[in-house]
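Every number in this text was worked out from the coordinates using simple rules, so none of it is lab data. Since the model is a prediction, treat every value here as computed from it, not as a measurement. Note that each Cβ is placed from the backbone with ideal geometry, even for glycine, and that neighbours are counted across all protein chains shown.
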Amino acid sequence: MAKILVIDDERSIRNTLKEILEYEKHEVEIASDGMEGLELLKKNTYDVALLDIKMPEMDGMEVLEIVTKDYPDLQVIMISGHGNVDTAVKAVKMGAYDFIEKPLDLNRLLVTIRNAMDRSELITETKSLRRKISKSYDMVGESAPIKQILDMIDLVAPTEARVLITGENGTGKEVAARWIHDKSHRADSPFIEVNCAAIPSELIESELFGHEKGAFTSANKQRKGKFEQANKGTIFLDEIGDMSLSAQAKVLRALQENKITRVGADKDISIDVRVIAATNKNIEVEIKENRFREDLYHRLSVILIHVPSLNDRLDDIPLLADHFITKICEEYGSPKVEITKDAIKELQKINWTGNIREFRNVIERLLILCGDKIEKEDVDKYARPIGGHNGK
């Protein structure tokens, strides 16, 4: 059952639609013009709106423009006795779900409403999944270094500037990259991650730029590379310090010309990609040792963001512990476990060489091995089962 708003200046059509749709078990409210319809939208939530085009004072196209801006999840079906192809196309381009001419075909109307409802449910489900995914990439903390990063992300994200993120393994460089993407105007487009350290040097060019069928022995079919997959979105080049010099040269060309060439092809492909890169290496040292191109470094480092180690932000450990306890308990479907202040203090004494990644694993271990409360003794016993003393 859908909650439907009918906006039409003809009383007979309003009442007929209300009667038919209520017979089909839908909940229906009616409005005699665009202004009344907008007032109802401010007060109530609807799944579908049936919107007439020709109305006095404010016509349906004007109402549609406001609705698509202020109520983007509402599925709008335009109805009109004066419709033509141009009007229908314009309405759909503006965001209407569909366009139906009067006199209304009842069967088509009911099918269209059902399809609009299916789309609405799919959008809701997608948003729910995105919220669940985004929780995996929370930047948790209130320490000065984290606040500086968050402020920087807010400034940088809306721009097209390339970003180079530095920091030790496990500090959350990917999280910072995802936040930049999610806060940018490219958020609805792909975020493509490439772990440069995990791809053999002989395959990195094919992975990044794609290849044509027959380009090399195992190239059985044409394949798009990561840059093409990220078109209109963001590509995240993780551990770029491990990329071969030959691949670096190809990436430099892509950044300079906004074009790539698949392996085995002679045709350029234009791309529109924002590049965010990350490394745990000291790039200045890599440049001096001729392992990293200085010109590529300058192309990538329009904005530099350094993610601090967990040892440099120990004040965030109480928040991080609470965050991971909540998250892991939800995943396990178990009640939230309490952690004592003494246990927190003990966690703050540990030398976190693996940073946030190691910290999360320790919290999960404690939740599995402890009872309904994590005590100082539990941290002493389980946080570092191998290697002896927990302190720095």
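Each of Arg178, Arg360, Arg114 was scored by other Cβ atoms within 10 Å of its Cβ. Listed from fewest to most, they are Arg114, Arg360, Arg178. With one equal scatterer per alpha carbon and no solvent term, the Debye-computed log10 I(q)/I(0) for the stretch 144-308 at 0.11 1/Å reads -0.43.
Is the shape of the stretch 24-68 best called rounded, prolate or oblate, per the rule: a/c under 1.5 gives rounded, else a/b larger than b/c gives prolate, else oblate, with a ≥ b ≥ c the square roots of the Cα gyration tensor eigenvalues? Prolate is the answer for the stretch 24-68, as a/c is 1.5 or above and a/b outweighs b/c. The fewest-to-most ranking of Asp105, Asp52 by surrounding Cβ atoms within 10 Å reads Asp105, Asp52. Fewest-first ordering of Val273, Val92 by other beta carbons within 10 Å of each residue's beta carbon gives Val92, Val273. Of all beta bridges that DSSP places with both ends in the chain, some 15 percent have antiparallel geometry. Using 1/(1 + (r/R0)^6) with R0 = 41 angstrom and r between the beta carbons of Asn258 and Lys349, what's the FRET efficiency to the nearest 0.05? Between Asn258 and Lys349 the formula returns 0.25. Averaging the sequence gap over all C-alpha pairs within less than 8 Å and six or more residues apart, then dividing by the number of residues, gives the chain a relative contact order of 13 percent.
Computing FRET efficiency as 1/(1 + (r/R0)^6) for Arg162 and Glu19, where r is the C-beta to C-beta distance and R0 is 51 Å, gives about 0.30.
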